[in-house]
Amino acid sequence: MSRPVATGRTSSPSTPSSSSSGPAAANALPASWVGTWKGTGPGSTAGDGVFNARTTGVSVTLTLHAARRGDLVGRQVSHVTEAGSGGDIGCTETLRLQETHTTSVVFQAATSTPSDPSQGVVCRSGNVYTLTEDGADTLALGDEGSQTAGSPSRLERVT
């Protein structure tokens, strides 16, 4: 989900959405969102190779647990394959539940570290992601947010 900085490389995104009723439910991740979600995207060879990496694939695993607004809710692990080296320039983020809406949820990265520290990628916290419920076992990742070009547009429930 996240985008590394200061190396010209980018990394991938992911985050879920939710729906519930009542004031207490509006401040918590819906139970239907708890679990593990995965998705893959094609990457993007359109990057300049300096500020935006050229990539050949992005895979994202999002794991969520019950949480209230403002709490840590889970983590996302992005594996982003750099076109030239084949290295993994993705980031792993611990996510905080920022907002819940009728069918969407907003997450913010509280921490962010390289998924493969040997690649020298610098990841930054603070990235924001919005996911929308798109069926019983699918979350859609909107175009807005901190995700890397070529990231998955959908995440499917694994567990």
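See the values below:
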| read-out | value |
| --- | --- |
| Scan of the range 28-56 for residues that are buried (at least 20 other Cβ atoms within 10 Å of the Cβ) and aliphatic (A, V, I, L, M), ordered by number | L29, A53 |
| Total residues in the range 101-123, condition buried (at least 17 other Cβ atoms within 10 Å of the Cβ) and either charged (D, E, K, R) or touching a helix residue (DSSP H, G or I) at 6+ places or on another chain (Cβ under 6 Å) (or both) | 0 |
| Candidate set from the range 18-56 (those that are of a type in the set (A, V, I, L, M, F, W, C), at pLDDT below 90 and assigned to a helix (DSSP H, G or I)); member that is farthest from the chain's Cα centre (by Cα) | A24 |
| Selection count where residues are open to solvent by 70 Å² or more (accessible area, probe 1.4 Å), over 16 Å from G150 (Cα atoms) and not in a loop (DSSP other than H, G, I, E, B), scope the range 57-98 | 4 |
| Total residues in the range 135-152, condition surrounded by fewer than 18 Cβ atoms within 10 Å (Cβ to Cβ) and modelled with pLDDT under 95 | 5 |
| Yes/no for T138 being under 15 Å from K38 (Cα atoms), free of Cβ contacts under 8 Å to residues at least 24 places away in the same chain and hydroxyl-bearing (S, T, Y) | yes |
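The values are calculated or read from the model by the stated rules, or taken from the named source; none is laboratory data. Treat the numbers as computed from the prediction; the structure is a model and nothing was measured. Note: ideal-geometry Cβ built from the backbone for every residue, glycine included; neighbour counts use all protein chains shown. Please note that ligands, DNA and RNA were not included when accessible areas were found on the heavy atoms of the full protein model with its side chains. Shrake-Rupley method; radii C 1.70, N 1.55, O 1.52, S 1.80 Å.
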